[in-house]
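Working notes, beginning with the structure itself.
The values are calculated or read from the model by the stated rules, or taken from the named source; none is laboratory data. In this text, all values refer to a predicted model and were calculated from it rather than measured experimentally. Ideal geometry is used to build each Cβ from the backbone, glycine not excepted, and the neighbour counts take in all protein chains shown. Only protein heavy atoms, including side chains, enter the accessible area calculation; ligands, DNA and RNA are left aside. Shrake-Rupley method; radii C 1.70, N 1.55, O 1.52, S 1.80 Å.
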Amino acid sequence: MPIRHATLHQLRIFDALARHRSVSRAAKELHLSPPAISIQCRQLATAVGQPLYEKVGRQLHLTAAGEIVSRTCRDVLARLEQTSQELAALQGLEGGSLRLAILTTAKYFGPRLLGLFSREHPNIEVALFVGNRAQLLERLADNQDDLYLLGRPPEQLRVEVEPFAENRLVLVAAADHPLAGKRRIPPERLNGLPFILREAGSGTRLATERFFDEHGIKPRTRMELGSNEAIKHTVASGLGVAVLSETTLQRQDRTSGELVQLDVRGFPLHRHWCLVHPEGKQLSPAAAAFRQYLFAMAEKSDLVAGQFGE
Ligand code: PGA
């Protein structure tokens, strides 16, 4: 049975398996059972006439044939997606869809912005993914979304990057911290200080470690947490200090008096919020409209402070 007898369903399933390198994660994404995934992949392998993957211990590896078929799956599915966008464009903007991926740190303004955009375009179908930097870069490499909101452009990937707002990273501590209120603290004072860090793969974590390296600082990692909110609470409890995007400090954090910013030389770290998409990717009408909306809003309001043209 040659590969032209493979079904679109099988290609979709194998694409998910190849991306996740896991039957159970592919099953979860596609809302199918793991055996259904295995059966369809086996049938696809029969059509190809060669095994597509193998399991070494618990690890799933694609064979050389699997890599080739996986690339084909990605191309076919991307082409189909583009076709549906072109067809939607024929019917005008309102028939389209928008897939947006944002950083956890951008959840303080991204979803709200998307909500306002959706109110203006109720017929655009919207999908939002929220994850850390490493997860977003993986999706970007796989061309899974139309647009990405990132804190720093990826170095390895060929992408188009448009900064739209400032992103300052600040050092926060509990109000009764011994360094609170001190002026122009030298970075060396951070040596040995207990730190609450974001998880590996986080952009905030990356920027923090870069600062430590540049200044030869060896902090004490007190805890690693995958959530900015959890970090704020832990810092307020006095367990350690943390570097956070100013975006995560909402009005109640500024007024509660529980957290203070430490005036350490070199802070805030200056970065930008960027809108990113793969180089050369033709934006769908819905994605182009969202891009325009984002820039218009960023121009007239302080998006990252949560003020939307108010
Ligand atoms: P993060 O990204 O949510 O992965 O920490 C923030 C950033 O890159 O600025």
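Are there any strands (runs of 3 or more DSSP E) wholly within the range 117-176 with 1 or more residues that are without any contact (Cβ under 8 Å) to a residue 40 or more places away in the chain and either buried (at least 16 other Cβ atoms within 10 Å of the Cβ) or touching a strand residue (DSSP E or B) at 6+ places or on another chain (Cβ under 6 Å) (or both), and if so which?
It comes to 125-131.
Within the bounds of the range 89-101, is there any residue that is crowded, with 21+ Cβ neighbours inside 10 Å and part of a helix (DSSP H, G or I)?
no
Kindly check whether there is at least one residue in the range 192-203 that is away from the ligand (no atom under 15 Å from the Cβ), more than 30 Å from A288 (Cα to Cα), among the small types (G, A, S) and loosely packed, with under 15 Cβ neighbours inside 10 Å.
Looking through the range 192-203, at least one residue is away from the ligand (no atom under 15 Å from the Cβ), more than 30 Å from A288 (Cα to Cα), among the small types (G, A, S) and loosely packed, with under 15 Cβ neighbours inside 10 Å.
From the list T72, T83, pick out the single residue that is hydroxyl-bearing (S, T, Y), open to solvent by 20 Å² or more (accessible area, probe 1.4 Å) and under 25 Å from A27 (Cβ atoms).
T72 is the lone residue from the list that is hydroxyl-bearing (S, T, Y), open to solvent by 20 Å² or more (accessible area, probe 1.4 Å) and under 25 Å from A27 (Cβ atoms).
Would you call T104 touching a strand residue (DSSP E or B) at 6+ places or on another chain (Cβ under 8 Å) and polar (S, T, N, Q)?
Against the criterion (touching a strand residue (DSSP E or B) at 6+ places or on another chain (Cβ under 8 Å) and polar (S, T, N, Q)), T104 qualifies.
Name the residue, out of S256, S301, that is open to solvent by less than 30 Å² (accessible area, probe 1.4 Å), at pLDDT below 95 and on the phi < 0 side of the Ramachandran plot.
That would be S301, the only listed residue that is open to solvent by less than 30 Å² (accessible area, probe 1.4 Å), at pLDDT below 95 and on the phi < 0 side of the Ramachandran plot.
Take L113 and decide whether it is away from the ligand (no atom under 16 Å from the Cβ) and not in a strand (DSSP E or B).
yes
Exactly one of (1) open to solvent by 30 Å² or more (accessible area, probe 1.4 Å); (2) hydrophobic (A, V, I, L, M, F, W, C); (3) under 20 Å from L114 (Cα atoms) is unmet by V276. Its number?
It fails just one condition, (1).
Taking the range 181-191 only, how many residues are open to solvent by 30 Å² or more (accessible area, probe 1.4 Å) and touching a residue at least 60 places away in the same chain (Cβ under 8 Å)?
The total comes to 6.
Every residue in the range 134-180 that is over 26 Å from G280 (Cα atoms) and away from the ligand (no atom under 13 Å from the Cβ), please.
L171, V172, A173, A174, A175, D176, H177, P178, L179, A180
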